[in-house]
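Written below as structure tokens is the structure these notes are about.
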Amino acid sequence: CFVGCQPKESKKEETKIEYTNTQVSKQMSDSYEDALKECFDATYSLGGGEVFYAYMYPNAAIDAMKASGEYETVIATFNQGQENRFSQNDDKFTFEKITNATEITDKQIEGIKGYFKEMCEEFVEGVTEEQFTVGKGYEVTFSYLNNGEQSGSETVIILKLNDEGWKVITA
């Protein structure tokens, strides 16, 4: 689950961070657009570490991190980094729209399998590219806003991996 925050002011006019729990809900949907937006929102939200990692890593790597006790530390480090970043500025990034999407090629699929193999090697012994089945996938460019104003764009690959739902590969 990822955690979002809503600032709540104390009597001293200081901002206190308050978290509310939610779960990954779009990763298994048919809509890559909804999944991409959920991943983006987790990346730019307080406490979004678990959602972020669910989209970035294959389940085998996450399961191995959990078994070794590393997972909680990785999530806590991500969440603390976000907390530090947000305490230093008032920037609010929001997903705007998808500006281009093309289906991934066979060549990209082979590269994707190698990418996920490399991501898992640190955590899973004997992992092979053949363990990864890539389903639908798209190379997607989207734009985003900072404090309601055009801020930039990013290109990512979003794909269905095995039976795990959508995964996102960033540059």
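Semi-axes of the equivalent ellipsoid of the stretch 127-171 are 29, 9, 8 Å, computed as sqrt(5λ) over the eigenvalues of the C-alpha gyration tensor in descending order. Solvent-accessible area assigned to carbon and sulfur over the stretch 88-159 amounts to 42 percent, based on a 1.4 Å probe.
Partner aspartates and glutamates whose Cα lies under 12 Å from the Cα of residue 136, excluding those fewer than 8 positions away in the same chain, are identified as 30, 103, 106, 163.
At a probe radius of 1.4 angstrom, the accessible area of the chain per residue rounds to 58 square angstrom.
The mean sequence separation of alpha-carbon pairs under 8 Å and at least six residues apart, normalised by the residue count of the chain, gives a relative contact order of 22 percent. Putting +1 on Lys and Arg Cβ atoms and -1 on Asp and Glu Cβ atoms, find which of 44, 89, 60 reaches farthest to the positive end of the dipole of the chain. It is 89. A straight chain from residue 63 to residue 99 at 0.36 nm per residue would run longer than the Cα-Cα distance by 9.5 nm. Among the listed pairs 66/97; 92/113; 66/92; 37/113; 92/117; 26/66, those with a Cα-Cα distance over 28 Å are 66/97; 92/113; 66/92; 92/117.
Among the GluC sites (Glu not before Pro) in the stretch 71-171, those placed in a DSSP loop whose Cβ has at most 15 other Cβ atoms within 10 Å are 122, 125. Between residue 91 and residue 130, what length comes free when the chain is fully extended (0.36 nm per residue of separation minus the Cα-Cα distance, one decimal in nm)? Net length gain for the segment: 9.8 nm.
Taking the C-alpha atoms only, the angle from helix 32-43 to the longest principal axis of the chain is near 50 degrees. Classify the stretch 98-143 as rounded, prolate or oblate, taking a ≥ b ≥ c as the square roots of the eigenvalues of its Cα gyration tensor: rounded when a/c is under 1.5, otherwise prolate if a/b is larger than b/c and oblate if not. It comes out prolate by the Cα gyration axes. So I have (i) 30; (ii) 36; (iii) 21, and one of them is percent of Cα pairs over 27 Å apart calculated from this model. Which one is it? Given (i) 30; (ii) 36; (iii) 21, the structure-derived one carries the label (i). Computed from point charges on the beta carbon alone (+1 for Lys and Arg, -1 for Asp and Glu), the dipole magnitude for the chain about its Cα centre is near 400 Debye.
With the gyration tensor restricted to C-alpha atoms of the stretch 29-117, the semi-axes of the equivalent ellipsoid amount to 25, 22, 10 Å, longest first.
The values are calculated or read from the model by the stated rules, or taken from the named source; none is laboratory data. Predicted, not measured: the structure shown is a model, and the values here were computed from it. With ideal geometry, Cβ positions are generated from the backbone for all residues, glycine too; neighbour counts draw on all protein chains shown. Accessible surface areas use protein heavy atoms only, side chains included; no ligands, DNA or RNA. Shrake-Rupley method; radii C 1.70, N 1.55, O 1.52, S 1.80 Å.
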